[in-house]
Structure formats: C-alpha cells, structure tokens
1. Which of the residues belonging to the stretch 111-153 are part of a loop (DSSP other than H, G, I, E, B), hydrophobic (A, V, I, L, M, F, W, C) and more than 18 Å from GLY233 (Cα to Cα)?
2. Name the residue that is modelled with the lowest pLDDT, counting only residues in the stretch 309-343 that are assigned to a loop (DSSP other than H, G, I, E, B) and under 20 Å from the mean Cα position of the chain (by Cα).
3. With the structure loaded, tell me whether LEU22 is assigned to a helix (DSSP H, G or I), surrounded by 15 or more Cβ atoms within 10 Å (Cβ to Cβ), among the aliphatic types (A, V, I, L, M) and touching a Cys at 6+ places or on another chain (Cβ under 9 Å) or whether it fails that test.
4. Of everything in the stretch 247-282, what is modelled with pLDDT of 85 or more and not in a helix (DSSP H, G or I)? Give them in sequence order.
5. Looking only at the stretch 301-329, which residues are aliphatic (A, V, I, L, M) and in contact with a Lys or Arg (Cβ under 9 Å, 6 or more places away or on another chain)?
6. Considering only the stretch 343-353, how many residues are surrounded by 10 or more Cβ atoms within 10 Å (Cβ to Cβ) and over 15 Å from ARG299 (Cα atoms)?
7. Any chance you could count how many residues in the stretch 212-246 are in a loop (DSSP other than H, G, I, E, B), farther than 20 Å from TYR158 by Cα and free of Cβ contacts under 8 Å to residues at least 12 places away in the same chain?
Amino acid sequence: MELEFDVQGNTKATIEDISPVLLEAHLKATGSKLAKQIGKLGVKEVLAQMELLEGPPERQRIKNVALMMFCDYPDKFFPYMQVEITRFPNGSIRDPKNFVEIPPIKGTVPQIIRRTMEKLQDIAIAVYVQKVSDKMEANRFLSYPYEVLEEAIVNAFYHRDYMCYEPVQVEIEPDCIRIISYPGIDRSVPIKVVEKGERFKTRMYRNRRLGEFLKELDLTEGRCTGIPAIQEGLEKNGSPRAVFETDDDRKAVCVTIPIQPEYLKNLELNAGSKTPKPRKTAEYRGDKDGAFEDEMALRVIKTFKKHPEISQEELGERLGMSRRTVQKYIKTLKETGRIERVGGRRYGHWKVN
C-alpha cells in the first residue's frame, strides 16, 4: 500500500532545507524536550527522533510533512501552497469587476493559517455593538466567529492535495465568505451527505501526520470534528449553517460561511448599505449608538481572564499572533483601560477591568 503523501520521502530536499529556528520554535510551542537538544544533536538527528526521515540510513530522505512545517520556502517543493484572498465589496455577481486582491499568503502551513487569520481579522471579522435604551447591556453581533473561519482554513490545509497546482482561495462577499480548496471530498462520502453539512467519516484521510502536528498546536481536533465545530460555532453566534459543496468529479470543495444576519442588518442601517472596514478596538466609542470592536482583542481579554500570569510569548503562541501584534493589542487595551499590569514583568499578572 502506498504511503500517504505527507509521510513520503522527498527526493529533492536536503537537511539544509530545514530551518533550525522553525523546528526549535515548534518544539518549544509543543513542550518537547527535544527543543533543548537541537544544538547538541543537530537537525538531522532531531528529525530522526521525530520519525521525519524515510528510508535506510545510507539513503535517508526528509518526509514531505517536515518541509511543510519547518522549511522557510516550502512552495519550492509544493507549488501554490498558499492562500489567495479576493474581496468583492458589492458582490461577485452584482459587480464582478469590482474586487480587491490580497497578495498571496505563503510560508509553512502553520504560518499560512495564522497569517490568513490575521488578514481575515483585519478585513472581515468585527463586532457590532448596539446600545439598547431600556437595558444595561448592549446587544453584540459578531460578523463571523473567529474559531469558525479558523477551522475552515485549517481543514483546507489538513485535507489539501499538495501536488495540486491550485491555491486555497478565499472569497469575501458582502453576506458570506467562501473557502475553496482542492481536491474535493473523497468519493467514499456521498454527495447527499456532503450537502447536509453534518459530520461524516471517510475511509480515506489525507495528510494524517500533518494533522497530528496541527493538533499539537491546538489548530485542529481531528477525528472528523471539523464540520460539527463549524456548524456549532455558527449556531452559537446566531448565524445560518455553513454550506458544503463539491463537484461530481470531486476536484474541489467549497465551504460557504454566511454572515450573521443581525450584524449585516445593523451594518446596512448605519452605513447606507455600504460595507465599512471593521474598526479596531482603539476606535471603539461606547457613547455611540453602534460601534465595531475587534474580535481578536476580545480573545486577548478572555485569555487574560483565564490565565492572568501568561507571558506575551505564550499569549502569541496560544492565539497565533506575532510578537509585534501581541504588543500592539496589549498597548491598545491598556490605553483604553480594558486591562492593566499588576506587579513586575517576572512575577506580576494581568488584571481585566
């Protein structure tokens, strides 16, 4: 039986193609003791202990999954391993010539996922806060749940065909986001089951080892839980169910995630049916009838509530943010009085106001 592609040895790669920095960062993020051994053992020995080499000792080859995870330029081996985002302000059907293309997002699989989510955070995810005169608490409508979009993006790379010369495509419409990836869902799953958009099990799994790495980084749970997680997240947000489509030849799969109806309704009422760019937390004003608040800022606050002693480095790893992005959010939240630091850098903790 032929090995799955992600655990096949790559005939063109050498040890020099593996970044010790990326390898060490992953081992630290997952709490592996090997993180302290890279300098002593060397990259090749660490890969061997991680079972990322294939073949006899005299002819060992690096497994494809190692290049997907720890190579600075993995698209050198897997062409079009990237995300392409296109935004249609007025809709692709109503005004197809009016669109904005984001430069292709490249890197390792975890880097692409995190950079894609950062971009979607900037241009698609927002909270509409509506003050109600007879209530103390305002109504909050989230355009798209962060976790739902992340799950869909992760699934696209988990089940991707890395020999297919097609990128993962993200199309942002005024009322939905479509994520298109290649190939489609395996033929062992009937079309009718796919259209139901419920949990289904397939006899064929792509990139199992890659899925294990993503699970270690808390980017996926595996075990066919992706679709239920997406649908449950949308239901909790008051959004319609996601729609899953694939063609008869199973060449591609399209996941359509609808926008939250009340968010869209309030957005149109307050902006003359035009879609404004979601405002950052620093631009939030509670004295207005409605405002937008950055969902990632809310995740930072939620994390500080649960883990007040967490470091900035650990926060970045947990939320998939760069160090600069973490510092930006902390600065903004401190300036707006949402959080404050109690005690010193080493033994202090975060207080949420």
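The values are calculated or read from the model by the stated rules, or taken from the named source; none is laboratory data. Everything numeric in this text was worked out from a predicted model, so none of it was measured. In this analysis, Cβ positions are derived from the backbone assuming ideal geometry, glycine residues included, and neighbour counts consider all displayed protein chains.
1. Result: VAL132, MET136, ALA138.
2. Going through the qualifying residues, I end up with GLY320.
3. Yes.
4. Scanning the stretch 247-282 gives LYS251, ALA252, VAL253, CYS254, VAL255, THR256, ILE257, PRO258, ILE259, GLN260.
5. Answer for the stretch 301-329, where residues must be aliphatic (A, V, I, L, M) and in contact with a Lys or Arg (Cβ under 9 Å, 6 or more places away or on another chain): ILE301, ILE310, LEU319, MET321.
6. So the count comes out to 3.
7. Of the residues in the stretch 212-246, 0 are in a loop (DSSP other than H, G, I, E, B), farther than 20 Å from TYR158 by Cα and free of Cβ contacts under 8 Å to residues at least 12 places away in the same chain.
Conditions (1) at pLDDT 90 or above; (2) closer than 26 Å to GLY316 by Cα; (3) touching a Pro at 6+ places or on another chain (Cβ under 6 Å); (4) surrounded by 15 or more Cβ atoms within 10 Å (Cβ to Cβ), marked per residue:
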position: PRO103; (1), (2), (3), (4): yes, yes, no, no
position: ILE180; (1), (2), (3), (4): yes, no, no, yes
position: SER188; (1), (2), (3), (4): no, no, no, no
position: LYS201; (1), (2), (3), (4): no, no, no, no
